[in-house]
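Shown next, in structure tokens, is the structure this report addresses.
What follows is calculated from the coordinates using simple rules that are stated; it is not laboratory data. Model, not experiment: these values are computed from the prediction. Glycine gets a Cβ as well: all are built from the backbone with ideal geometry, and neighbour counts include every protein chain shown.
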Amino acid sequence: MVLKKLTLKNYRNLLSAQIEPCGNVNIIYGDNAQGKTNLIEAIWLFTGNNSFRAGKTSELIHFEQQAAELSILFEDSEREQQAKIKLGTKKEYFLNQVPLKKASEMTGNFYAVIFSPVDLSLADGSPKNRRKFLDAAISQLTPQYSGYLEQYERVLEQRNALLKDLYRFPALRDTIDIWDLQLAKLGTILSIYRNDYVKKLSKLSEKIYFGLSSESEKFSMCYRSSVFDQIETVDHYEDCHIQAYFELLQKNLEQDTKYGFTSVGIHRDDLELMIDHLPVRSYGSRGQIRSSVLALKLGEAELLKRVTGENPIMLLDDVMSELDNKRQDYILNHVKDKQVFITCCDMFNTISLQEGKVFHVENGSILSERSHGLAEEDRNVSAFRQ
């Protein structure tokens, strides 16, 4: 999949902007708060997902304007397509000039994987962030997963509400089994999906991290289930797994009633990242944390390609910070067969770029663009600076 043109009007600080990127590495550089991340964010919206930055829809529109318009021309493995988003009093979405009812109808048409500084919490933040990552990644591959997840969350909400009422209304105890059985069935399905995804993602990410670290460190991950002690054996939807899930809910009922929430289940699970068998969240350096998350995201992109047949576009926001020269070179020159967008403040972080295109953003405008191999004078300036 290749983005051939992006056109923006009144989007954040970009009153009028257009880029025609190349099919491999595209560098977007400039000082902070100039509009680099806005370009990346605009591309991401065409996946059908919400912005990876917090904020209201109104904040996506230039503060002096009433509406914004975004459009892309992209090519998948079969044909060239167009998509458009209009932001104003309401959101409007169009694919090949056909109106869509909602943003999620874009999902499965335009694939992208995003890395942004907030994603560093996947390595050293709360388990909630890692569960959210898994749920979003699996949903792109398997749309029915999000349906099961929505059902699970509704049942969980009902069970938690019931737990808060049990002390006052003990007769409600007879109804808890109904909710527990539903949670057990849905939780088992979701556990199987997650475990299978992590197994496949781990193999791909491990290989990528090995390259990032110049083959000096070993990366791995595993899914930590709060229900199944041996989650690796839970690979089929069977009565014995449902029963084990149900029995654990029953075993923890007294404690759950005391605290008013469900203490075990897929909503309490975690994804553990490790380097050389040590948890990244406890022992990883800043560079290792960034490299771990990057390997996770590149692995996600590779798995997406293998399942869908489409190469997702890589959106890497401020990815070069805290990486040594070897890891920067890997990102610039060894992420093969994918269109990549990289934002950075200092153009000289990308001096080793062998082939690609560079866009300079300043005060909401694209001031210049040029193709690479780097010009010899840039290499000379870099050598002088060192």
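Remarks
- For region 91-165, average projected area of the Cα convex hull in nm²: 7.5 nm²
- Simple label model, 7 Å out from Cα along Cβ direction - residue 53 to residue 326, nm: 3.4 nm
- Cβ-Cβ FRET estimate between residue 370 and residue 33, R0 fixed at 25 Å, reported to 0.05: 0.60
- Between helix 286-308 and the chain: long-axis angle, C-alpha atoms, 0 to 90°, nearest 10: 80 degrees
- The mean of 1/r over all distinct Cα pairs in the chain, once inverted, gives the Kirkwood hydrodynamic radius of 22.8 Å.
- Integer Hz, Karplus 6.51/-1.76/1.60 couplings in order for region 247-262, x for Gly and Pro: 5, 5, 4, 5, 4, 9, 4, 4, 5, 4, 5, 4, 9, x, 8, 7
- For residue 115, the residues 5 or more places off, or on other chains, whose built amide H falls under 5 Å of its own are 315, 316, 317.
- In this structure, the amide hydrogen of residue 4, modeled 1.01 Å from its nitrogen in the peptide plane, lies closer than 5 angstrom to those of 73, 74, 75, counting only residues at least 5 positions away or on a different chain.
- Anisotropy class of region 122-281 from Cα gyration tensor, a/c 1.5 cut: prolate
- Members of 36/203; 132/357; 84/199; 101/305; 56/297 lying beyond 29 Å, as alpha-carbon distances in this model show: 36/203; 132/357; 84/199
- The chain: antiparallel DSSP beta bridges as a percent of all, rounded to 5: 70 percent
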